[in-house]
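Q: Sending over a structure as structure tokens; questions will come in a sec.
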There are 2 protein chains.
Amino acid sequence: MAGQAQYEELTRQLSALGAVKREIGRVLPTNCPGGSAAVLTLLDRHGDMRIGRLAELLAVDMSVTSRHVAHVAGRGWIVRSPDPADKRSRILRLTPAGHAVLDELSRRSSALLADRLSDWTDDEVGQLVRLMTRLRESFGDCRATPHGTPPPRPLPAAQAAPTTRTPEDAE
Amino acid sequence: MAGQAQYEELTRQLSALGAVKREIGRVLPTNCPGGSAAVLTLLDRHGDMRIGRLAELLAVDMSVTSRHVAHVAGRGWIVRSPDPADKRSRILRLTPAGHAVLDELSRRSSALLADRLSDWTDDEVGQLVRLMTRLRESFGDCRATPHGTPPPRPLPAAQAAPTTRTPEDAE
DNA sequence: TATTGTTATACTCTATAACTATA
DNA sequence: TATAGTTATAGAGTATAACAATA
């Protein structure tokens, strides 16, 4: 059990990690944004699956997944074949072209990381991966609000301000 | 120096961590999106500063920072006072209302983390924070492309597809 | 001429809600 | 009636480029 200061720091680092993520995104082909890359990666790792399952793995809404899938299917990187067991669904499968794209993505992002993390040991990278994985697991890859969590309410803006308002802040 | 498999795994975890970030975002007041929260947090930690400095700390473009700042200033959570040393700039400073909002944000996100990470030791959280911080440092909080990195080119879509195209994938 | 900010525009990712087809 | 998926719409975050004011 950690203290509030540590939790604040973790929140901050989590927010700041977006910069690293964007940096990796910049080496991806303009053709293949992050959402598409994630779809290809998960199909490769977990095998053929339906949209619903993919949405779970991505931890985003199915509507979002549907759009990503349409994007990669439109480029011929996956095929959607009818699910014999349920006519509402289709089975997603990587094509050879999809595998080729995935290889290229891996090459580029790994090259970037190899450059930036050249002074990290194998063990340190492993430790970070392990802790990040556990963090995700601790959040249960949860989509819905778990128990009776009250929806967050807006905070009041400074109305009759307690400080003298300077003219430059009149919006 | 780690291997390609580890780099791929790190990339994947980095991408998947977005779900945790969004989960935290959901407990924030509708009033105060992530960008605003980041501005308040950094002003609290590093003290009064100009937009340019804040943009560096956020590791985003100044135009983005400008918008976030306008948002929090519009709610009276910061004030922008003239910089005596440079008439082009203004100094950003948290107001008492801004401090109050920041306290509330800390309370909410820490409560969420305390709930989800109840089985983590203080040391484990500290280790994760340390590694995440180092990861950011390894990326140098870099904004511009460092040396002669060639801009990424788009990958070819599957044209004359190597596999039989099924009708359901005609976009 | 270079720098600090701001604004306009566009793109990606996400969620909610309405809708279709099937179970 | 419930579930799988799609689409429309809206909101947040970001980047690039054009612009204003000042250095």
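The values are calculated or read from the model by the stated rules, or taken from the named source; none is laboratory data. The structure presented is a predicted model; accordingly, all values stated were derived computationally and were not measured. With ideal geometry, Cβ positions are generated from the backbone for all residues, glycine too; neighbour counts draw on all protein chains shown.
Let's see how each residue does on (1) surrounded by fewer than 17 Cβ atoms within 10 Å (Cβ to Cβ); (2) hydrophobic (A, V, I, L, M, F, W, C); (3) within 7 Å of chain B (Cβ to nearest Cβ):
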site: A:Gln6; (1), (2), (3): no, no, yes
site: A:Ala19; (1), (2), (3): no, yes, yes
site: A:Ser36; (1), (2), (3): no, no, no
site: A:Leu40; (1), (2), (3): no, yes, no
site: A:His46; (1), (2), (3): yes, no, no
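Q: Give the number of residues within region A:66-80 that are in contact with a Cys (Cβ under 9 Å, 6 or more places away or on another chain) and part of a helix (DSSP H, G or I).
A: Pass one, region A:66-80, residues in contact with a Cys (Cβ under 9 Å, 6 or more places away or on another chain): A:71-72, A:75, A:77.
Adding the requirement that they be part of a helix (DSSP H, G or I) leaves A:71-72.
Of the residues in region A:66-80, 2 are in contact with a Cys (Cβ under 9 Å, 6 or more places away or on another chain) and part of a helix (DSSP H, G or I).
Q: Quick one: A:Ala85 ticks every box in (1) more than 11 Å from chain B (Cβ to nearest Cβ); (2) away from DNA strand C (no atom under 12 Å from the Cβ) except a single one, so which number is it?
A: With respect to (1) more than 11 Å from chain B (Cβ to nearest Cβ); (2) away from DNA strand C (no atom under 12 Å from the Cβ), A:Ala85 is out only on (2).
Q: Somewhere in region A:53-75, is a residue of a type in the set (Asp, Glu) and away from DNA strand D (no atom under 15 Å from the Cβ)?
A: No, region A:53-75 contains no residue that is of a type in the set (Asp, Glu) and away from DNA strand D (no atom under 15 Å from the Cβ).
Q: Let me ask something else. So in region B:93-109, with the set limited to residues that are aliphatic (A, V, I, L, M) and under 18 Å from A:Ser15 (Cβ atoms), which one is surrounded by the most Cβ atoms within 10 Å (Cβ to Cβ)?
A: Checked region B:93-109; the qualifying residue surrounded by the most Cβ atoms within 10 Å (Cβ to Cβ) is B:Val101.
Q: Report yes if A:Ile78 is touching a strand residue (DSSP E or B) at 6+ places or on another chain (Cβ under 8 Å) and closer than 26 Å to A:Thr30 by Cβ, otherwise no. Can you show your working first?
A: Details: touching a strand residue (DSSP E or B) at 6+ places or on another chain (Cβ under 8 Å): yes; closer than 26 Å to A:Thr30 by Cβ: yes.
For A:Ile78, the condition - touching a strand residue (DSSP E or B) at 6+ places or on another chain (Cβ under 8 Å) and closer than 26 Å to A:Thr30 by Cβ - is met.
Q: Related question: From the list B:Thr95, B:Thr121, B:Thr65, pick out the single residue that is under 28 Å from A:Ile24 (Cβ atoms) and either within 16 Å of DNA strand C (Cβ to nearest atom) or polar (S, T, N, Q) (or both).
A: Criteria check complete, one pass: B:Thr65.
Q: If you scan region A:123-150, which residues turn out to be more than 16 Å from B:Arg12 (Cα to Cα) and modelled with pLDDT of 95 or more?
A: Start the filter on region A:123-150 by keeping residues that are more than 16 Å from B:Arg12 (Cα to Cα), which leaves A:123-124, A:138-140, A:142-150.
The answer is A:Asp123, A:Glu124, A:Ser138.
Q: How about region A:22-54: which of its residues are of a type in the set (Gly, Ala, Ser) and near DNA strand C (Cβ under 8 Å from one of its atoms)?
A: A:Gly25, A:Gly34, A:Gly35, A:Ser36, A:Ala37, A:Ala38
Q: Being at the interface with chain B (Cβ under 7 Å from one of its Cβ atoms), in contact with a Lys or Arg (Cβ under 9 Å, 6 or more places away or on another chain), in contact (Cβ under 8 Å) with a residue 60 or more places away in the chain and under 19 Å from B:Arg12 (Cα atoms) narrows it down to one residue among A:Glu23, A:Glu56; which is it?
A: Sole residue among the options that is at the interface with chain B (Cβ under 7 Å from one of its Cβ atoms), in contact with a Lys or Arg (Cβ under 9 Å, 6 or more places away or on another chain), in contact (Cβ under 8 Å) with a residue 60 or more places away in the chain and under 19 Å from B:Arg12 (Cα atoms): A:Glu23.
Q: Could you please tell me which pairs satisfy a Cβ distance under 9 Å, a separation of 6+ or placement on different chains, a first residue in region B:61-81 that is closer than 26 Å to A:Arg22 by Cβ, and a second residue that is outside any helix (DSSP H, G or I) and of a type in the set (Ser, Thr, Tyr)?
A: Hits for this filter: B:Trp77/B:Thr95; B:Ile78/B:Thr95.
Q: Continuing with this model, one more query. Just checking, does region A:81-93 include any residue being hydroxyl-bearing (Ser, Thr, Tyr), within 14 Å of DNA strand D (Cβ to nearest atom) and not in a strand (DSSP E or B)? Step through it out loud before you land on a result.
A: Restricting attention to region A:81-93, the residues satisfying the condition of being hydroxyl-bearing (Ser, Thr, Tyr) are A:81, A:89.
Those still in the list that are within 14 Å of DNA strand D (Cβ to nearest atom) too: A:81, A:89.
From the residues that got through so far, the ones that are not in a strand (DSSP E or B) too are A:89.
Scanning region A:81-93 turns up at least one residue that is hydroxyl-bearing (Ser, Thr, Tyr), within 14 Å of DNA strand D (Cβ to nearest atom) and not in a strand (DSSP E or B).
Q: Within region B:5-12, can one find any residue that is of a type in the set (Gly, Ala, Ser) and within 30 Å of A:Asp115 (Cα to Cα)? Before you say what the answer is, go through the steps one by one.
A: Of all residues in region B:5-12, those of a type in the set (Gly, Ala, Ser) come to B:5.
Now drop any that are not within 30 Å of A:Asp115 (Cα to Cα), which leaves B:5.
Yes: region B:5-12 contains one or more residues that are of a type in the set (Gly, Ala, Ser) and within 30 Å of A:Asp115 (Cα to Cα).
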